[in-house]
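**Student:** Quick one: this structure, given as structure tokens, is what I'll be asking you about.
The values are calculated or read from the model by the stated rules, or taken from the named source; none is laboratory data. The shown structure was predicted, so the numbers you read here are calculated from the model rather than taken from an experiment. FYI the Cβ positions are ideal-geometry reconstructions off the backbone, even for glycines, and counts take in every protein chain you see. For accessibility, only protein heavy atoms count, side chains too; no ligands or nucleic acids. Shrake-Rupley method; radii C 1.70, N 1.55, O 1.52, S 1.80 Å.
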Amino acid sequence: VDSRELKNDDASPLLGPVLCCFIMKSVGAPWWGEYMAQYHEAAHLVRGTKILDIGCGAGYGTRYLFDQGAVECLGVDKNAEDILAAQKENGRDGVSFIAADAKNLPFAPRSFDLITCFQVLESTTSCDQVMEQIRRLLKPTGAVVFTTVNRRRNDHLALTPAAWEHVQEFDRDEFKLL
């Protein structure tokens, strides 16, 4: 993980100054190792927070963040089957899951202290809408942690973006413009 490749002072104008970003590259582990590495990197931000995990999939990372000291974690994913599995395997008091599209999230403004958005932006053509939802839902003192493939360091994939169902990938400068 290229942790801190984009630092807080590189914040997006849309989200403001409180931003924590990561751009992924290979960590020499199977896909699930990289998947959990994202959550491990974010874990130091969770104590006492209410978290929204956008693109939570089966919910392992959402539960992990809760176990690291969050007071509440809510995972969302557009795949209803993943949400059913997440609720069954990882749901508990303080950890819940709902099926929702990241472009239209059903929560009150300024509801979350921390929002994670791991490996989502490269899978949507609606980054502006996703970023607007994040801005709307984040508390003024909140933080966001993103991961996305850095297309300039994508050689470790040995596959085209389409093979990963990516509709776009970003380099550092393009990501900063979001």
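Condition check ((1) within 26 Å of Q168 (Cβ to Cβ); (2) surrounded by 16 or more Cβ atoms within 10 Å (Cβ to Cβ)) across all residues:
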| site | (1), (2) |
| --- | --- |
| Q68 | no, yes |
| I83 | yes, yes |
| R92 | no, no |
| V95 | no, yes |
| R110 | no, no |
| L121 | yes, yes |
| T124 | yes, yes |
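**Student:** Mind listing whichever residues of the range 117-141 are in contact with a Phe, Trp or Tyr (Cβ under 8 Å, 6 or more places away or on another chain), of a type outside the set (A, V, I, L, M) and modelled with pLDDT of 90 or more?
**Tutor:** K139
**Student:** Same structure, new question: Return the only residue of D101, D9, D82 being in a loop (DSSP other than H, G, I, E, B) and either modelled with pLDDT under 95 or over 19 Å from T141 (Cα atoms) (or both).
**Tutor:** On the way: D9 fails: in a loop (DSSP other than H, G, I, E, B); D82 fails: in a loop (DSSP other than H, G, I, E, B).
The unique qualifying residue is D101.
**Student:** Next question, about the same structure. Pick from G55, G75: which is at pLDDT below 95 and under 15 Å from the mean Cα position of the chain (by Cα)?
**Tutor:** G55
**Student:** Go through R110, R136 for me and flag whichever is in contact with a Pro (Cβ under 8 Å, 6 or more places away or on another chain) and assigned to a helix (DSSP H, G or I).
**Tutor:** On the way: R110 fails: assigned to a helix (DSSP H, G or I).
On inspection, the qualifying residue turns out to be R136.
**Student:** Mind listing whichever residues of the range 41-55 are open to solvent by 10 Å² or more (accessible area, probe 1.4 Å), farther than 11 Å from C73 by Cα and outside any loop (DSSP other than H, G, I, E, B)?
**Tutor:** As a first pass, look at the range 41-55 and keep what is open to solvent by 10 Å² or more (accessible area, probe 1.4 Å): 41, 43-45, 47-50, 55.
Add one more test, that the residue is farther than 11 Å from C73 by Cα, and what stays is 41, 43-45, 47, 55.
Scanning the range 41-55 gives E41, A43, H44, L45.
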